[in-house]
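Down below is the structure, laid out as structure tokens.
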Amino acid sequence: MLSYQHIYHAGNFADVHKHTVLALLLQALQRKPTALCYLETHAGRALYDLHDPLAQKNCEFEQGVSRLLAESSPPAMLAGYLAYIYKCNHPGNTLRFYPGSPLLARELLREQDAMILAELHPQEIPLLRQQLQQDKRIAIHQRDGYEMLRALLPVKQSRGLVLIDPAYELKSDYAQVVTALELIQQRWPGGVAMVWYPLLTASAHDNFIQALRKSALRDVLCCELQVQSYAGLPGMKGSGVIILRPPWQVDTQLQELLPYLADLLQQDASATHWRVEQLIAE
Ligand SMILES: C[S@@+](CC[C@H](N)C(=O)[O-])C[C@H]1O[C@@H](n2cnc3c(N)ncnc32)[C@H](O)[C@@H]1O
């Protein structure tokens, strides 16, 4: 039973973290002209209306993308991401729509690139199709994202990126993510992968990080942003991203981006923390 709906969280601090890293990865992969394939295992609906009552319930975007849009001189490396947020809200430039990862990725891909998306939720899939199915570069599947990777890898393009962004409603997601990364490493030598995970308590993601360290994976970068103290009410206190085979110089870019995001998105200055660390060597 799928109950998670991303619209409650669209544009929040974790989306800003995840989507700015995604944009940097796609830009880095496009330094070479050969075609890319972008795959996503948990796509969501593509475009989020922040006036929807579900998005308005907690207005999480106010502590996320709204803060970035209020900045007078954001870092140049965020130009591609920010330009697209403005484009989604044109004319007027008042924040109403927030693009999910498939829409942002489509904007950043080139003519020669391709995109393959999986989404399971019966409510999200028609919205995803409505936004993206006219684009001949894009294939949309209503199927389990992990199963899709097993069925389709390696794709015909020798290079590309897989985004794995589960809701972690099921504890088994953590183990499935590790297995999926091993599959990508094994079957697609030119494939880069990015995984998002929540920081819920000081130790909730320790087992996941340990499982990554104990796996057969090589060349893994970890990039975490904590914006709230782990004390207090339960909830998401931070956002984490794992990158398998990070493209050249992305680590340096993240070392510059993360302190900026930490300062911008912090909800409790004394608890704010970030790290960009090579978890597993090449
Ligand atoms: C966190 S949301 C995705 C958000 C999106 N990646 C973004 O950044 O805009 C997770 C999505 O995965 C979908 N989902 C859950 N389990 C799935 C599975 N096994 N395979 C494919 N999609 C799944 C949910 O319906 C939900 O829309």
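Every number here is computed from the coordinates shown, using simple stated rules; none is lab data. These numbers come from a predicted model, not from an experiment. Don't worry about glycine lacking a Cβ; one is built from the backbone with ideal geometry, like all the others, and counts go over all protein chains shown.
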- Phi-based couplings in Hz for the range 82-97 (Karplus 6.51, -1.76, 1.60; Gly and Pro marked x): 5, 4, 6, 4, 4, 4, 5, 10, 8, x, x, 6, 8, 5, 9, 10
- Task: Could you size up the charge dipole of the chain around its Cα centre, putting +1 on the beta carbon of Lys and Arg and -1 on that of Asp and Glu, and report it in debye to the nearest 20?
- Result: 740
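First select every other residue whose beta carbon is under 15 angstrom from the beta carbon of LEU95; then total the charges, Lys and Arg +1, Asp and Glu -1.
Numbers: positive: ARG67, LYS87, ARG96; negative: ASP15, ASP49, ASP52, GLU60, GLU62, GLU71.
For residues surrounding LEU95, the net value is -3.
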- Item | Phi-based couplings in Hz for the range 13-25 (Karplus 6.51, -1.76, 1.60; Gly and Pro marked x) | 4, 5, 5, 4, 4, 4, 6, 6, 5, 4, 4, 4, 5
- Note on the structure: Those trypsin sites (Lys or Arg not before Pro) from the range 152-196 that are DSSP loop and have at most 12 other Cβ neighbours within 10 Å turn out to be LYS156, LYS171
- Count neighbours as other Cβ atoms within 10 Å of each site's Cβ, and list the GluC sites (Glu not before Pro) in the range 1-92 that are DSSP loop with at most 15 such neighbours. GLU71
- Task: Write out the chymotrypsin sites (Phe, Trp or Tyr not before Pro) in the range 38-116 meeting two conditions: DSSP loop, and at most 10 other Cβ atoms within 10 Å of their Cβ.
- Result: none
- Message: I need the phi-derived Karplus couplings for the range 213-229: 6.51 cos²θ - 1.76 cosθ + 1.60, θ = phi - 60°, integer Hz, Gly and Pro marked x.
- Response: 4, 7, 7, 8, 6, 10, 6, 10, 10, 10, 9, 10, 9, 9, 10, 9, 6
- Note on the structure: For GLU62 and ASP268, extending 7 Å from Cα along the Cα-Cβ vector and measuring point to point gives, in nm, a value of 1.9
- Task: Would you mind getting me the FRET efficiency between ASP206 and GLN186? Use the beta-carbon distance for r and R0 = 22 Å, nearest 0.05.
- Result: 0.30
- Query: For the chain, what is the percent of antiparallel DSSP beta bridges, rounded to the nearest 5?
  - Reply: 55
- Query: Taking a threshold of 28 Å on the Cα-Cα distance, which of the pairs LYS32/LYS237; LYS18/LYS214; LYS156/LYS214; LYS57/LYS136 fall above it?
  - Reply: LYS32/LYS237; LYS156/LYS214; LYS57/LYS136
